[in-house]
Each structure stands twice: as C-alpha cells, then as structure tokens.
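Asks: Pasting a structure here, questions to come.
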Amino acid sequence: MNGILRAVGARPEDQRKLLLMAPVFFICGIAEMLNYNSFMTLFNQRFGSEFLPYVYAAEAFILPLEAWLLSWLASRLPKPKLMRVMYAMMVGIVGVNAAILITLEGLGMDARWFYPVLFIASSFVVRQQTLLLWSLAIDLCSTQQAKRLMPVFVGSATLGGATAGLLAQLISLAFGPVVIYTVGGLLLLLVWRRYRKVISDFLVPISLRMEAASVEEETIGAGAVFKHALRSPFLLMVILLMTMMPALYFLMEYEFLSIARMSYVNEQAFSQFFGMITMILFVLAFLLQLVSGRLMEKLGASQMLTIIAGVYVLSFAGAVIFGGGAAAMPVISLGYMLLYLLLYYSAEPSYQLFFKTLPLAQRDSYRFAAQGIAASAGILLGAGMQFLHAGLGLSWQLLSVIGLAGSALLLVLAWYGRRLYMRELVRSVSSMSAADIADSFDEISMNPAAMEEARRLLDHPSDTAREIGIQLIGRLHDPKDLPLLLGLLEDGNDRIRIAAIRAMSLAGADLPAMAQIAKLLEDPDDALRTEGVRAIARMKQLKEQAFFFLRQKLLDRHPSVVAEAVKAMYSLGKEQSYEACREVIDRILEEGGEASVYMCGAIADLELTAFIPAIIKLTEDPHPAARVSAIRALGKLRSEDLIPLLLPKLSRMDEEMLSASTQAFVDIGQPSVKPLLASLPDAPAKHWSSAVMALSELLGEEDMRGGLTQEALGRLSELGKAADYGAALRVCGMEKLASLADMRWHEVRLLVFKGIWAMLAKLTDERAVEVIRTGVTHAEEEYRSNALEVLSEGFGDRRISQAMIISLELETMSRPKMERDEAMTLLEAALHGSDDWWREMANEALAERKGDMAVTNEGQIMNRLNKVVFLKQVPYFSDLSLEELGLIAGVAEEETISDEDILLKRGEPQSAMYVIVEGNIELTSVSAAGWEGTIGVLGPGDVCGVTSALDGSPSTVTAQSLLGDARVLKLSGDDVSRLVRLYPEIGIGLLRASFARIRLLEEMMMRIDS
C-alpha cells in the first residue's frame, strides 16, 4: 500500500481519506457522464436539438434563482447537513426523472413536454454534483494535503468519465438511453453510504471549527463589478473572455449534437456514438491532466488562453471548410472534444490567475461576481448564436463563419488581454503577497517588463517593496543580477542585506564578489555572519579561497556561526576541512553548555555518527538546552543507544525535553517500537502519553487497532477508578490534598487523552481530531455538545471514543457518598498505581492515620509534596497546574536564614528569588529624599527578589531576616526563566502577582515620603 501511495504522491496519513474519497469521485464521475449522455440523447432525439437555444436561454434565467436557492440553504443549514441535503436532492431528482421515463416507456406514451424539464433538471444535477464533490474535497483537505490528493481525485473523476463512455456504448447495444439514465441514478445511490461516511468522518468535525470561527464577510455585488469593469479595460477583458469562451463552446456543441442527430437517427445508435465520444473525450482529458501543469508552468496563464483561443479559431475554421462534406462529422466532433477539454480543464484554472492582480480583500468577491455575470451572459450569447440557425434558419456554413468570426475576436481579446494582464501584473508586483508572487512567478519571469519593474523595486523607499523585489530576483537565479544584489550589502537594514545574500546566484561568482561577501563575516550581527558563511559555502568554484575564509569562522564568538562554518567546511569536501572541523567539534562537545546546542544540530544535519558517544554524554549536561539538542541530534542520527537512556526519565521531563524525546523515538524508527510497547504497562501518565504518541507514528493501522487500542482502553479504565481519589482524601479530612488529587486527575486525563488523540489522528484525519479535541472542552455549550456527539458516533474507534465520553462525563457525574473504610481501601490501591503524585498523596494520608506523618513540622526538610501544597497557597503560583508546581518544587532549594542575615542587598544583582516559608523578612530602601526606612515586612507565602532574578538588574531593596530565623525556598533565576518559557501560565502568575506587589510598594513608598 505504501508503494501505491508513493506512486500517486500521497503519504501514509492520506491513506484512509484517499481510500474513502477516490471511489466516490470515480463512481460519481461515471454517474455524471451517464446522466449527461442519456439526457442529451433523449432531448436531441425526442425533442430536437433545434430547441437547444430556448432551453439554454431558460437556463440563463434559472441560474440566478438557483444561486439564490443554494445561498438560502447554505445560510440555514450546517455545512455537513447541506452536503447531505444537496446529494439527496440530486438523487431524488434523478430518481423521479428515471421513474417518469420508465413509466412513459412502459406505457408507450410520448410526453414531449417532459424532455425540456428533464434537460434543465438533469443539467442542475450535473452542475451541482461537480460543485458538491470539489467543494467537499477542498473542505476536507488542508492546503498541503490538497496538493497531494487533488490530482488523484481529478484523475479518478476523469477515469470515471472515460468508464461512463464505455458503459454507455455497452448498454446501448441492448438497451436505450432510459436504462443509461437509470444506471447513473443507481450509481449515485450506490455511493451514497460512502459519501455519508466521508462527511461524518471528516467534514462534521471540521465544520465545528467552521461554525465557531464563522464571521460575516463583506461581499461585492455583480452590479459593482460591472461598473468597475466599465472603468477597467483589464477586468472588462477578463469578463469578456469568460463569457465568449463558453458561448462559442455552446455553439460548437449545438453543431456537434445537430450533425450527430442527422447522422444517427436511432436513439441506441446516437447513444452509442455519444458514449464513444465521451470515452475518447475523457481519455484525452486524463492525458491532458498529465501535462497541463507543465504547460501552465511553461506558458503562463495569459499565453495559455491565447493558445486556447487559437484552437477555437482552428476548430471553427475546420467547421467552415469541411462542414458541408463527408468530413463534417469527424471534424466537428474533434472540435467539440477539443473545446470541451480546453474550456473546462485549462481555461477555467487560467482565469483564476487573472484575479491575483486584484486587492486581496476584494479578490473573491470580484471572482464570484465576475463568474456569475459570465455564466449567465455566456449561456445567453451561446443560445443567441444557436437561435440564428434554429429560429432564423441561418445555414450551417454561415453559422460556422459566425463562430469563426467570434473565435477570431476571442483571439484578439486574448492577445490584447495578455498585454493588459502583464501591465496589471507589473503594477501589482509591489503590493503582492509572497504566496501570490510564488503563484505568478512564471508569468513575471517570462515578461521582461515585469522583471525590470522588480529590479526597480530595489530602489524603492519601502523596505517591504525592496524585499519583494529581492525575492523575485532571487527566484530567477540570474547571475547577471549579482552586481545589483552585492550593492545591497551596504544597506542600513539588516533584513534587506540578509535577503540580498539569500537571493544571490553565486555559482559563477568571481573572487572580488567573494571578497565583498566575506566582509560580512566580521559584521557585528550574528545572523548576517551566519548568512555570509552560507554564501561563501555556495561558491564551490573557489574552494581554496572559501576554505581560507571559512576556517577563520571556526573561531567565531557566536556558536551558531561556528556550527554553520562546520557545515560549510564539510560541504567543500576537502580532507583538511574535515580535520579542522573535528578539532572544533570535539572541543565544543567537551565543553558542553549553550555552544553545544548549535553544534549538535550541525552534526545531525551532516550525519556525523562518529560523534554519537560524545553527544550521548551531553544528555547529562547541566544546561537544559544542551540536553534537548543532544536528544534531537541522537534521534536524527538514529542512535538506538538513546532509547534506554530516555525511557526511565520521561515522567520527569519538562515539556520541551519530552517533545524532543518523543520525536527522537520517531526518528530512530522501528528499533523504538519494542522498547516503547514494553514500557507502557504501569508507565506514569507523561511517559505513557509520549510513548503512545511515538508509537502512533511508527505503527501501522492494524497494529494500532490491536494492542495499542487495548492499552488505551485499559488506561481509560484506570482513569475512571482514579476519579475517586479526591473524594477519598476528603473523607480523611485532607482537603488540600484532595484539591491536589482532583487537579492531578484532570492533568492525567489530559495526558492520556493527548496520546489517544495522536492515535485517532492516524486512524482518521488530523484536522478533524484537532477540531474535536478543542470542542470537547470548549466553553460554548453548543460547540461542546456537537463535538461530543461526533465522538459518540464512534469517531476513529468506537470503543475508545465511548470510553473517552465516559471519562469526560465523570467530573459532572454524581456519585454515592464514600465511607471511611472504602476511602482507605482506595488510597491503599493508589499506593500501587502508576502515578507518583497519587502515591505520595496516598502515602501522606495513610501515614497520618498511622500517626507516622511525613508532613513538615518546624525545622524539618520539606519533601516534594509539602512544597507543592505550600506553593499552591502562594499568590504567585496559585493558578498553576500540579505538573507545573512539581517542576517548580523540583528546582526549589530550601534554605534557613539566620536572624538579621541579609537575603538581598540594594544595588547588587541577584540570581535567585525567594519564597518565604516561615519567619519574617524586612524590606528596606532609600526614598527620593534620601531617607532610609522600612517599606514592608514579608511573611509566609510572600515572595521577594523576583525582578532581579529574572532580568539580572540590581536589587532595589535590601531584604534581611527579622525577629528570628526564617526559612525560604530559593528559586534560581535561570530555572524560573526556562520554566516561564516552557509554561506560559507560570509567567502569567508571576506577572499578576508582580503587579499586585508593585501597587503595594508604591503605596509604601508614598508613606515613607510623607
């Protein structure tokens, strides 16, 4: 299966979505074209192709009503329900039509009035079926996934069309178009169940987010667009192109259907011929899809439309020349197929690029309004040209001449439109986003005027405009632009200088250019020096000179530059480069600390496995960032020795290190699977969550639905039992511990769910899981209940989703009152559980019962649980989770301050903050008037030294013990800063309490001055 996925450009995570949706597109593609083949055959043979102009004119007036109806439905129904209702409506329309046709056939009745109704109703089904499926695909796929899967869906639908053509021919051998129409309806019914499953599995979860984030958008009406078009030749040209191309196609279709009717008077013969044309058409469409991307890339949107207009001219010229002879049928059939292919598979995507030149905020409104105008006008114009023959009796020859004249006008419009488009493109270059530049780059690069405009942007006063110009030049990779970019190295804006270096094409650069770039190697800015090193490394044609400059950077003052220099030296491929680098690498790894962070990344990028033993030592480095980078590097180097080192530490890791460890298991690959699976039973929640997340990436769906699912169900069952620990502690009269137990239960549930969500993301769809994950705990009742409803439907795995719902309902579920003996039994069971927090709490409660308490009395050392209980009462930390409190308790050192000893000294920097446990701390300072006095006395639960500890500034107060010894918890500033970075709630708590402290100190200072 993985081989097939790779062959179509998909990934393993796309498998389920692909297997569900590709058959829907294939079968619906068959149904659509069987529907189209049969109703066109029935209309032409039983009602007459000469009435096509009237039906198309009616459609032109019905289209706005159709749009209003769909808009009305969309405003009143959620997206999933709208999709289901629309599909049911289409099945119903086809079913009713098929029933009427079968009845008429069975009774031998000829109700000619019904066939225009059949035409209009079936056209609605074909039109909406196409929109419905592509809208569903776009909604379900993220941008990157859409790039991988949309070609597969397009291919499936196209092959479905070709299959429909073959089926129509086969069915026509024994039956007529009524049976073909009925088979199309049955196929729509056949795929209905799978279509609903796609919606329930993927769209329903995503729609929760759509509804929660929906906002009213300002739209621009068709009238405003039309008025603007009258003032804008470019927009007018776009609308004319979008109108004339389908209008001329309808004329060619009319000629094709009319001549086919004259050639095949029998319904079965006509249907068989039309089936053959459909099959050939979609085989050609499939082949066109294989090359259309490359054609668009090579020619650009405007050039593509000019070529398409040229094909229109040739097709109608063929109809004029051969229309009256024996070759009329094949020539007009070929013209019909070519115009169909080019209109729907090449022209439509090309139109969209024209709208890239419009302001982003108005782009979609202009696009939809222009498409609405063009759709109605195109049908009316096409119907009008058809009427020249059907109503006024114009000859086929003259009708083809009119088509040729229209095609010639279309060619002139396309050619002139290309010039207008380029002019608009040049004007919009300075205001385009990076994404638009990327989409339009091929057009810009092929137009000298646009590229000259981009080069002129380098002198623009706006830095943003200059950056856009640099990006455009950089994508062109033209060595001739090197002097322009070198001139920007003297710019005063570092961002411009960095962008210029990155944009340079240095493959053919000479020594003076290298010397100019080498000046950056001594720039004060670290990022510029790093970019300079990368640029020198790209100049492979000057290896000796590059070696000279790069070797000096091995001794740079910043470790990031040194690491980049090592990578650059290795890229030179010289033995002396390797030797110089090895010395630097050994030295930095031996020193450890912050410098090793960048070097570990460089070693991983270069895959230097010889340094694995030295990096393993860094996993015990005192510097946290060094440990994290070492783990990441060892994972990328696939070092199996890392696995036994990490597993025992997972439960005690902070968020950053845990994330790095989880990714390391994934990077190491299959060797991680067995140890991770073996570690799951009785693993602490954090360990279990990390292991399951890694296994979700490493295991196949079958393995996940087996053993891993059972493990998840077992963990959820344990979680249900643990929900009563808080109640048991309350029965024992330990309210503070009970609150911590409840807090811990929520944290453990969050960790367990985190692992399970990772499993479900691999079993279903990552975006859908993220929406449900957010929804089940959302503050808005409707959003939350909708998410729970999706989960209750058996999302991903029915057993797991049901167990998750039970766990979510536990906190609101009323339970019978617990007896003391039952509580003690439950706490004794907690002693043997997997969570160390619950074990400590249970041990504390049971020790109190036995009179052998380990709680802190005066003078005793506080254990971790005591510290957490105490810190929870401190305003600075009261809003933190138990996990976060535990991390603070882990870095907090208990100290005793003797009477009158100084804790902080005014004017001196401090590296730690202090939380007072017992005793009093006096704060003194000097006022603006020079008076020294006491500004406050702090007691248990108060904090001092926060500002100095976090920013390294001198203390503004002197703090000393007052009236006896004091006990404090000392927190290193570096440790607190790291925890704040990893856990923002800690920083918010510190900030909130600091504001309160500032207000208090201001009041105290006012008292001193007075």
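Asks: Out of LEU398, LEU409, which single residue is surrounded by fewer than 18 Cβ atoms within 10 Å (Cβ to Cβ), modelled with pLDDT of 70 or more, over 28 Å from LEU235 (Cα atoms) and of a type outside the set (Asp, Glu)?
Replies: Matching residue, one of LEU398, LEU409: LEU398.
Asks: Scanning segment 600-611 for residues that are among the small types (Gly, Ala, Ser) and within 14 Å of ALA664 (Cβ to Cβ), which turns out surrounded by the fewest Cβ atoms within 10 Å (Cβ to Cβ)?
Replies: Restricting to residues being among the small types (Gly, Ala, Ser) and within 14 Å of ALA664 (Cβ to Cβ), the top hit is GLY601.
Asks: Only residues that are of a type in the set (A, V, I, L, M, F, W, C) and surrounded by 13 or more Cβ atoms within 10 Å (Cβ to Cβ): list them for segment 108-133, please.
Replies: ALA111, PHE114, VAL117, LEU118, PHE119, ILE120, ALA121, PHE124, VAL125, VAL126, LEU132, LEU133
Asks: Go through (1) out of contact with any Asp or Glu (no Cβ under 7 Å at 6 or more places or on another chain); (2) without any contact (Cβ under 8 Å) to a residue 24 or more places away in the chain one by one and return the number of the condition ILE921 breaks.
Replies: Going through the list (1) out of contact with any Asp or Glu (no Cβ under 7 Å at 6 or more places or on another chain); (2) without any contact (Cβ under 8 Å) to a residue 24 or more places away in the chain, ILE921 breaks only (2).
Asks: Something else about it: Taking only segment 89-125 into account, find how many residues are in contact (Cβ under 8 Å) with a residue 40 or more places away in the chain and part of a helix (DSSP H, G or I).
Replies: Going residue by residue through segment 89-125, those that are in contact (Cβ under 8 Å) with a residue 40 or more places away in the chain are 90-91, 94-95, 97-98, 101-102, 105, 110, 112, 115-116, 118-120, 122-125.
Keeping just the survivors that are part of a helix (DSSP H, G or I) gives 90-91, 94-95, 97-98, 101-102, 105, 115-116, 118-120, 122-125.
Total satisfying the criteria: 18.
Asks: Across segment 897-936, what is the number of residues that are among the hydrophobic types (A, V, I, L, M, F, W, C), under 55 Å from the mean Cα position of the chain (by Cα) and loosely packed, with under 13 Cβ neighbours inside 10 Å?
Replies: 1
Asks: So if I check each of SER651, SER629, which one is assigned to a helix (DSSP H, G or I), farther than 25 Å from ARG534 by Cβ and either under 28 Å from the mean Cα position of the chain (by Cα) or small (Gly, Ala, Ser) (or both)? Steps first, answer last, please.
Replies: Details: SER629 fails: farther than 25 Å from ARG534 by Cβ.
The unique qualifying residue is SER651.
Asks: Here's another thing I want to ask about it. Name, by its number, the condition in (1) surrounded by fewer than 20 Cβ atoms within 10 Å (Cβ to Cβ); (2) at pLDDT 90 or above that does not hold for SER689.
Replies: Evaluating SER689 over (1) surrounded by fewer than 20 Cβ atoms within 10 Å (Cβ to Cβ); (2) at pLDDT 90 or above leaves (1) as the failure.
Asks: So, restricting to helices (runs of 4 or more DSSP H) that lie completely within segment 481-557, which ones have at least 2 residues that are in contact with a Cys (Cβ under 7 Å, 6 or more places away or on another chain)? Talk me through it step by step, then tell me what you get.
Replies: Working: elements: 482-487, 494-503, 511-518, 526-537, 543-552.
Where helices (runs of 4 or more DSSP H) fall fully within segment 481-557, none carries at least 2 residues being in contact with a Cys (Cβ under 7 Å, 6 or more places away or on another chain).
Asks: So, one more: Only one of (1) over 33 Å from the mean Cα position of the chain (by Cα); (2) surrounded by 21 or more Cβ atoms within 10 Å (Cβ to Cβ) fails for GLY532. Which number is that?
Replies: (1)
Asks: So PHE273 fits all but one of (1) more than 20 Å from SER407 (Cβ to Cβ); (2) of a type outside the set (A, V, I, L, M); (3) modelled with pLDDT under 85; what number is the exception?
Replies: (3)
Asks: In this structure, does SER315 turn out to be within 23 Å of LEU241 (Cβ to Cβ), in contact with a Gly (Cβ under 6 Å, 6 or more places away or on another chain), assigned to a helix (DSSP H, G or I) and modelled with pLDDT of 80 or more? Give the derivation first.
Replies: On the way: within 23 Å of LEU241 (Cβ to Cβ): yes; in contact with a Gly (Cβ under 6 Å, 6 or more places away or on another chain): yes; assigned to a helix (DSSP H, G or I): yes; modelled with pLDDT of 80 or more: yes.
So SER315 fits the description; yes.
Asks: Run down ALA625, ALA568, ALA614 and say which single residue is surrounded by fewer than 18 Cβ atoms within 10 Å (Cβ to Cβ), among the small types (Gly, Ala, Ser) and farther than 30 Å from LEU716 by Cβ. Full working, then the answer.
Replies: Details: ALA568 fails: surrounded by fewer than 18 Cβ atoms within 10 Å (Cβ to Cβ); ALA614 fails: surrounded by fewer than 18 Cβ atoms within 10 Å (Cβ to Cβ).
After applying the criteria, what remains is ALA625.
Asks: Please specify each residue of segment 561-585 satisfying the condition of being of a type in the set (D, E, K, R) and outside any helix (DSSP H, G or I).
Replies: Answer for segment 561-585, where residues must be of a type in the set (D, E, K, R) and outside any helix (DSSP H, G or I): just LYS574.
Asks: May I pose another question? Quick one: GLU522 ticks every box in (1) within 23 Å of LYS567 (Cα to Cα); (2) buried (at least 16 other Cβ atoms within 10 Å of the Cβ) except a single one, so which number is it?
Replies: All conditions are met except number (2).
Asks: Oh, and also: For ALA309, which of the numbered conditions (1) at pLDDT below 85; (2) of a type outside the set (Phe, Trp, Tyr); (3) in contact with a Phe, Trp or Tyr (Cβ under 9 Å, 6 or more places away or on another chain) fails to hold?
Replies: The one condition ALA309 does not meet is (1).
Asks: What residue, of LEU713, LEU719, LEU677, is over 14 Å from ARG749 (Cβ atoms) and either crowded, with 20+ Cβ neighbours inside 10 Å or free of Cβ contacts under 8 Å to residues at least 60 places away in the same chain (or both)?
Replies: LEU677
Asks: Take the residues in segment 211-228 that are surrounded by fewer than 21 Cβ atoms within 10 Å (Cβ to Cβ) and assigned to a helix (DSSP H, G or I); name whichever of them is modelled with the highest pLDDT.
Replies: LYS227
Asks: Would you confirm whether or not segment 180-190 contains a residue that is at pLDDT 85 or above, buried (at least 23 other Cβ atoms within 10 Å of the Cβ) and aromatic (Phe, Trp, Tyr)?
Replies: yes
Asks: Another question, if that's okay. Do we have any residue at all in segment 853-874 that's hydrophobic (A, V, I, L, M, F, W, C), touching a Lys or Arg at 6+ places or on another chain (Cβ under 8 Å), surrounded by 15 or more Cβ atoms within 10 Å (Cβ to Cβ) and modelled with pLDDT of 80 or more? I'd like the intermediate steps shown before the answer.
Replies: We begin by selecting, within segment 853-874, every residue hydrophobic (A, V, I, L, M, F, W, C); these are 853-855, 861-862, 865, 868-871, 874.
Going one step further and asking which of them are touching a Lys or Arg at 6+ places or on another chain (Cβ under 8 Å), we end up with 869.
Narrowing the set further to residues that are surrounded by 15 or more Cβ atoms within 10 Å (Cβ to Cβ) leaves 869.
Those still in the list that are modelled with pLDDT of 80 or more too: 869.
Yes, because at least one residue in segment 853-874 is hydrophobic (A, V, I, L, M, F, W, C), touching a Lys or Arg at 6+ places or on another chain (Cβ under 8 Å), surrounded by 15 or more Cβ atoms within 10 Å (Cβ to Cβ) and modelled with pLDDT of 80 or more.
Asks: Can you tell me which residue in segment 804-817 is surrounded by the most Cβ atoms within 10 Å (Cβ to Cβ), limited to those that are modelled with pLDDT of 80 or more and among the hydrophobic types (A, V, I, L, M, F, W, C)?
Replies: Looking at residues that are modelled with pLDDT of 80 or more and among the hydrophobic types (A, V, I, L, M, F, W, C), I get MET804.
Asks: Could you pull out the residue among ALA738, ALA787, ALA758 that is touching a residue at least 12 places away in the same chain (Cβ under 8 Å) and more than 29 Å from the chain's Cα centre (by Cα)?
Replies: ALA738
Asks: Let me ask something else about it. Within segment 537-549, does at least one residue satisfy the condition of being touching a residue at least 12 places away in the same chain (Cβ under 8 Å), hydrophobic (A, V, I, L, M, F, W, C) and closer than 27 Å to LEU642 by Cβ?
Replies: Filtering segment 537-549 down to residues touching a residue at least 12 places away in the same chain (Cβ under 8 Å) leaves 537-543, 545-547, 549.
Subsequent filtering for residues that are hydrophobic (A, V, I, L, M, F, W, C) retains 537, 539, 542, 546-547, 549.
Next, only the ones that are closer than 27 Å to LEU642 by Cβ stay: none.
Within segment 537-549 (the criterion being touching a residue at least 12 places away in the same chain (Cβ under 8 Å), hydrophobic (A, V, I, L, M, F, W, C) and closer than 27 Å to LEU642 by Cβ), the answer is no, since none of the residues qualifies.
Asks: Ok, one more. For segment 1-77, please list each of the helices (runs of 4 or more DSSP H) lying entirely inside it that holds at least 3 residues being modelled with pLDDT of 80 or more and of a type in the set (Val, Ile, Thr).
Replies: 15-42
Asks: Which residues, taken from segment 868-911, are of a type in the set (D, E, K, R) and closer than 15 Å to SER972 by Cβ? If you could, list the steps in order and put the result at the bottom.
Replies: Filtering segment 868-911 down to residues of a type in the set (D, E, K, R) leaves 872, 879, 883-884, 893-895, 899-901, 905-906, 908.
Result: GLU893, GLU894, GLU895.
Asks: Wholly within segment 892-932, which strands (runs of 3 or more DSSP E) include no fewer than the required count, namely at least 3 residues that are over 16 Å from LEU871 (Cα atoms) and at pLDDT below 85? If you could, list the steps in order and put the result at the bottom.
Replies: On the way: elements: 893-897, 902-904, 912-926.
Strands (runs of 3 or more DSSP E) meeting the threshold: 902-904, 912-926.
The values are calculated or read from the model by the stated rules, or taken from the named source; none is laboratory data. All values reported here derive from a predicted model rather than from experimental measurement. Backbone-built Cβ (ideal geometry, glycine too); neighbour counts: all protein chains shown.
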